[in-house]
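In what follows, a structure is listed as structure tokens, so that the remarks can point back to it.
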Amino acid sequence: MSLFIHWDPMGKPRVTIAALTGNRMIYFWFLGFLSSPCCAAPVSETFTVSVKSHVSVQRGHTAILPCWLTFSQSAEDMEVRWYQGSDEYDTPVLLYKARTFDYSSQKPSYAGRVSFGLKEETSGGIKAGDVSLKLEKATIEDAGKYICLVSSFDDYDSASISLSVTETGHQPLLSAVMKDNNKVNLSCQSDGWHPKPELSWSDTKTALTPANVLFSKNSAGFYSVHSWVLVSSSSEVSCSVGLFNEEPKETRMRLKNSLVLESGSSSAGWVAFGILLVVLAAFGALYFLYFRKKAIKSKSGNDTTDGANLTNILEENEPLLSKASWQSAALLEASKHHGNFTFI
């Protein structure tokens, strides 16, 4: 009788005993006995961790970072560790082991904001291998790379997922400054964005190329954007600011230059406006002094002011009328630099 030991394609041992006489009954009896479940060698159960590559969430909202085991294996008796980056293993975002959550080494900024979530409503939760991370009240600081690590007594596996936290900024603010040769320098500014937004200019026909686009970031991590473009004084221009794959915010301005700008410095209009303010201030001061003097004279009880007081009033009105004529002249000067700007 001969004894032969070999391995089948599943990795299980097979023993073959064959008599020298070629007795096939003994061969098949031993083969069936060793193939039975009670005699099969134990095999370690392996698994694979799967995740969604990227998740985006609005600041202040709840994010679900999907992570699950293949073949819907239960993870109740496994250890699940969520952490940020390879250097923060010891300060996990969320740690589950021995069928409970362990918060002893949790990163403080996530306290009270994380738990297991569902990658979909019908996933079955941890009993079906769904160990997705639920992150509430997302902040700008939460953005980054997360690692989902699942381990059992026999095996372990991990996968990474990136989270971006967005914030929609304010409506763009447009302002215009008149330039020479019937040109207008338009400025567009918007703040309160995250991450860095995209800005574009356009008129009614085509896209416009801005002179410059500048970004700045405040201490809270929000971005501001500022841009300029030189356009014709009679055109309709729009400035749009927004995040990638989101509807942008847009502000439009219609320019109507009713009077041609005279040759010379483009700041002449501002000079005329300043003169107008000075004239109005002087007129108000004289008006105040006139009524003050009138009140003093009426309080003194002098009854002989019928004719003389009337003369004085007329004399006092003369400079006021002169000042009024100055006001008209200043308004005429300011109108020479007038331009109509309409927001739509």
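Just add up the charged neighbours of Pro66: K/R +1, D/E -1, any other residue whose Cβ is under 10 Å from the Cβ of Pro66.
Working: positive: Lys52, Lys119; negative: Glu120, Asp130.
Here the charged neighbours net out to 0.
Through the Karplus equation 6.51 cos²θ - 1.76 cosθ + 1.60, θ set to phi - 60°, convert the phi angles of the stretch 96-102 into ³J(HN,Hα) values in whole Hz; use x for Gly and Pro.
With the stated coefficients, the stretch 96-102 comes to 10, 7, 6, 6, 8, 8, 10 Hz.
Under a plain spin-label model, where a point goes 7 Å from the Cα along Cα-to-Cβ, how far apart in nm are Ser216 and Ser74?
5.9 nm
Please give me, ordered by residue number, the trypsin sites (Lys or Arg not before Pro) of the stretch 164-213 that lie in loop per DSSP and have at most 12 other Cβ atoms within 10 Å. Mind showing how you got there, number by number?
Working: sites: Lys179, Lys183, Lys205; in loops: Lys205.
Qualifying residues, ordered by number: Lys205.
Calculate the spin-label point distance for Thr206 paired with Asp155, positioning each point 7 Å from the Cα along the beta-carbon direction, and give it in nanometres.
6.1 nm
Read the figures in this text as sums done on the coordinates, not as results from a lab. The structure presented is a predicted model; accordingly, all values stated were derived computationally and were not measured. With ideal geometry, Cβ positions are generated from the backbone for all residues, glycine too; neighbour counts draw on all protein chains shown.
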